[in-house]
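Trainee: So that we are looking at the same thing, I have put the structure below in structure tokens.
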Amino acid sequence: MSFRPAADFAAELDRSDPLASYRRQFHIPRYRDGEEIYLCGNSLGLQPKTTERYVREELEDWARLAVKGHFAGRRPWMPYHELFSERTARLVGAGPQEVVNMNSLTVNLHLMLVSFYRPTATRHRILIEGSAFPSDRYAANSQIRFHGFDPDTSLLELAPSAGHGGLDMDEVEAVIRSEGERLALVLLPGVQYYSGQAFDMERLTHAAHAVGAVAGFDLAHATGNLPLQLHDWDVDFAVWCNYKYMNAGPGAVAGCFVHARHAHTFALPRFAGWWGHDKATRFRMQPEFAPMPGAEGWQVSNPPILALAPLLASLEIFDAAGMARLREKSLRLTGYLEFLLDERLAEAVEIITSRNPAERGCQLSLRITGTRSRAREIFTRLEQTGVTADWREPDVLRVAPVPLYNTYTDVFQFVEKLAQVLSTAC
Ligand SMILES: *Cc1c(COP(=O)(O)O)cnc(C)c1O
């Protein structure tokens with residue numbers, strides 16, 4: 001597709017965008033007498049306008065029905081989390097039994113590691129990236145110590161590939177192969193939070209399985225951003241948060257995937273609680289724990305209904321829009337951002353995210369070249385013009401045009417404003 005760097009061209013793309021109406025389903029933060037250019041959905045997604053009603057209805061049912069709300073509410077709380085199964089499954093390419101929404105991301109990661117990291121004297125290594133999100137590293141290290149091993153020898157870190165902003169999948173695969181029987185688990189992102197690189201999850205899963213290791217993914221930046229096929233890719237487990245691209249609110253209840261292959265492996269150790277118990281007999285309150293088959297069997301506590309309600313509003317929107325259509329727009333929207341940056345700011349801005357659209361989601365990470373000492377100041381001035389993006393030390397600006405609510409005009413104006421700030425910041 002050929003682009004033009006002009007406001008009327010961006011407006012034309014917006015007019016012919018089949019998903020344009022979805023923007024009106026979200027609250028867009030205000031800036032002066034207009035709207036902000038919000039490009040930070042990779043950090044906290046915007047609030048759907050239906051969220052308030054979903055939360056209010058649960059508050060009303062609680063006021064009106066109290067304990068009877070578990071069975072008699074508009075959406076009875078007892079099976080409430082089951083309302084999410086089909087929709088979540090469609091979102092990540094799974095069967096309904098393979099997914100559950102519970103806890104938060106890092107807690108789910110720990111629960112998964114309890115079951116899927118089973119180190120032995122010879123096979124005890126966890127492979128992560130050197131620039132892994134800190135929480136993932138802390139979780140992996142603490143699990144290694146919990147089993148009496150030492151992160152110095154059991155945590156294996158991938159160094160960024162030479163002359164390449166991200167990781168080269170050939171190299172990652174080669175490391176997995178050479179680790180072979182020492183490797184217990186591969187824990188990698190679907191989309192890297194800093195560089196925006198999308199990993200080839202199917203290929204890495206097969207590489208891990210070929211050496212007898214488990215493949216787990218952190219999809220914090222992938223869910224709601226890329227179409228996923230977790231079941232067909234044969235991924236063992238995955239975890240994600242629902243407050244970034246999923247728009248379910250700050251600290252939202254998180255998601256978890258366990259492949260159907262493990263649905264009935266009750267011999268796997270797990271940290272159990274009553275909500276993971278077989279629902280047919282849960283209320284017999286027996287001393288023996290009998291887990292439910294599938295991902296639901298990893299639930300510990302009964303779900304926080306008020307915290308889950310926003311996720312229902314969010315999933316309905318994703319279901320209506322569909323990940324395939326969202327991805328189609330996303331490729332064009334981020335492609336337009338890339339085009340404008342190259343056209344207007346090639347000298348001043350280096351795009352560190354892959355130039356191959358198949359290797360990224362909607363986010364582009366930008367390094368403002370030659371301005372390291374002033375990079376933070378540039379970001380602050382950009383914010384003063386009504387742009388919300390995300391700043392990461394020392395000099396990276398992360399920009400995420402989200403296909404559900406961002407426009408081509410947002411992208412155009414962002415580049416205009418960045419150009420303005422850069423031309424006056426010296
Ligand atoms: C956002 C993010 C998290 C957040 O973890 P929480 O448990 O939700 O606080 C973890 N890992 C990655 C890769 C993230 O991007």
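Trainee: Here is a check on your reading of the model: is residue 195 among the small types (Gly, Ala, Ser) and surrounded by fewer than 19 Cβ atoms within 10 Å (Cβ to Cβ)?
Mentor: Numbers: among the small types (Gly, Ala, Ser): yes; surrounded by fewer than 19 Cβ atoms within 10 Å (Cβ to Cβ): no.
In short, no.
Okay, residues lined up against (1) in a helix (DSSP H, G or I); (2) of a type in the set (Gly, Ala, Ser); (3) not assigned by TED's automatic domain parsing to the domain that holds residue 168:
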site	(1), (2), (3)
329	yes, no, yes
335	yes, yes, yes
340	yes, no, yes
343	yes, no, yes
347	no, no, yes
362	no, no, yes
365	no, yes, yes
374	yes, no, yes
380	yes, no, yes
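Trainee: Which ones in the range 208-250 are within 11 Å of the ligand (Cβ to nearest atom), of a type in the set (A, V, I, L, M, F, W, C) and either surrounded by fewer than 22 Cβ atoms within 10 Å (Cβ to Cβ) or within 17 Å of residue 139 (Cβ to Cβ) (or both)?
Mentor: Selection gives 217, 219, 220, 239, 240, 241.
Trainee: Looking only at the range 104-137, filter to residues that are exposed (fewer than 14 other Cβ atoms within 10 Å of the Cβ) and over 15 Å from residue 182 (Cβ atoms); which one of those is nearest to the ligand (Cβ to nearest atom)? Show your work before the answer.
Mentor: In the first step, residues of the range 104-137 are kept if they are exposed (fewer than 14 other Cβ atoms within 10 Å of the Cβ); the result is 120-122, 130, 134.
Filter once more, keeping what is over 15 Å from residue 182 (Cβ atoms): 130, 134.
Numbers: 130: 14, 134: 8 Å.
Among them, the one singled out is 134.
Trainee: From (1) crowded, with 20+ Cβ neighbours inside 10 Å; (2) modelled with pLDDT of 95 or more; (3) under 22 Å from the mean Cα position of the chain (by Cα), pick out the condition that doesn't hold for residue 166.
Mentor: Every listed condition holds for residue 166 apart from (2).
Trainee: A further question follows. Go through the range 103-156 and give me each residue that's among the charged types (D, E, K, R) and either within 19 Å of residue 213 (Cβ to Cβ) or not in a helix (DSSP H, G or I) (or both). So that I can check it myself, show each step before the final result.
Mentor: To start, the set of residues in the range 103-156 that are among the charged types (D, E, K, R) comprises 118, 123, 125, 129, 136-137, 145, 150, 152.
Within the range 103-156, 118, 123, 125, 129, 136, 137, 150 qualify.
Trainee: Looking only at the range 237-257, count how many residues are under 15 Å from residue 296 (Cα atoms) and of a type in the set (D, E, K, R). Show your work before the answer.
Mentor: Of the residues in the range 237-257, the ones under 15 Å from residue 296 (Cα atoms) are 237-239, 253-257.
Restricting the remaining residues to those that are of a type in the set (D, E, K, R) gives none.
Counting residues in the range 237-257 that are under 15 Å from residue 296 (Cα atoms) and of a type in the set (D, E, K, R) gives 0.
Trainee: Check the range 232-240 and report whether any residue there is more than 24 Å from residue 306 (Cβ to Cβ) and of a type in the set (Gly, Ala, Ser).
Mentor: Residues of the range 232-240 that are more than 24 Å from residue 306 (Cβ to Cβ), as a first pass: 232-238.
Keeping just the survivors that are of a type in the set (Gly, Ala, Ser) gives 238.
Within the range 232-240, one or more residues are more than 24 Å from residue 306 (Cβ to Cβ) and of a type in the set (Gly, Ala, Ser).
Trainee: When you look at residue 100, is it of a type in the set (Val, Ile, Thr), within 30 Å of residue 313 (Cβ to Cβ), in the same structural domain as residue 276 (by TED's automatic domain parsing) and modelled with pLDDT of 95 or more, yes or no?
Mentor: Working: of a type in the set (Val, Ile, Thr): yes; within 30 Å of residue 313 (Cβ to Cβ): yes; in the same structural domain as residue 276 (by TED's automatic domain parsing): yes; modelled with pLDDT of 95 or more: yes.
For residue 100, the condition - of a type in the set (Val, Ile, Thr), within 30 Å of residue 313 (Cβ to Cβ), in the same structural domain as residue 276 (by TED's automatic domain parsing) and modelled with pLDDT of 95 or more - is met.
Trainee: With respect to residue 229, determine if the residue is of a type in the set (S, T, N, Q), at pLDDT below 95 and either touching a helix residue (DSSP H, G or I) at 6+ places or on another chain (Cβ under 7 Å) or assigned by TED's automatic domain parsing to the domain that holds residue 196 (or both).
Mentor: Taking the combined requirement at face value, the residue does not satisfy it.
Trainee: Can I ask one more? Looking at (1) under 21 Å from residue 211 (Cβ atoms); (2) within 16 Å of the ligand (Cβ to nearest atom); (3) in contact with a His (Cβ under 9 Å, 6 or more places away or on another chain); (4) of a type in the set (A, V, I, L, M, F, W, C), can you tell me which one residue 167 breaks?
Mentor: So residue 167 meets the others, but not (3).
Trainee: Among the residues that make up the range 31-39, is at least one of them at pLDDT 95 or above, crowded, with 18+ Cβ neighbours inside 10 Å, closer than 24 Å to residue 198 by Cβ and of a type in the set (Ser, Thr, Tyr)?
Mentor: yes
Trainee: Hey, can you tell me all the residues within the range 52-82 that are under 20 Å from residue 251 (Cβ atoms) and among the aliphatic types (A, V, I, L, M)?
Mentor: Passing the criteria: 55, 59.
Trainee: Right, another one. Out of the range 266-277, which residues are modelled with pLDDT of 90 or more and either assigned to a loop (DSSP other than H, G, I, E, B) or surrounded by fewer than 15 Cβ atoms within 10 Å (Cβ to Cβ) (or both)?
Mentor: 268, 269, 270, 271, 272, 273, 274
The values are calculated or read from the model by the stated rules, or taken from the named source; none is laboratory data. Remember, predicted model here, so these are calculated numbers, not experimental data. Neighbour counts run over all protein chains shown; Cβ positions are idealised from the backbone, glycine included.
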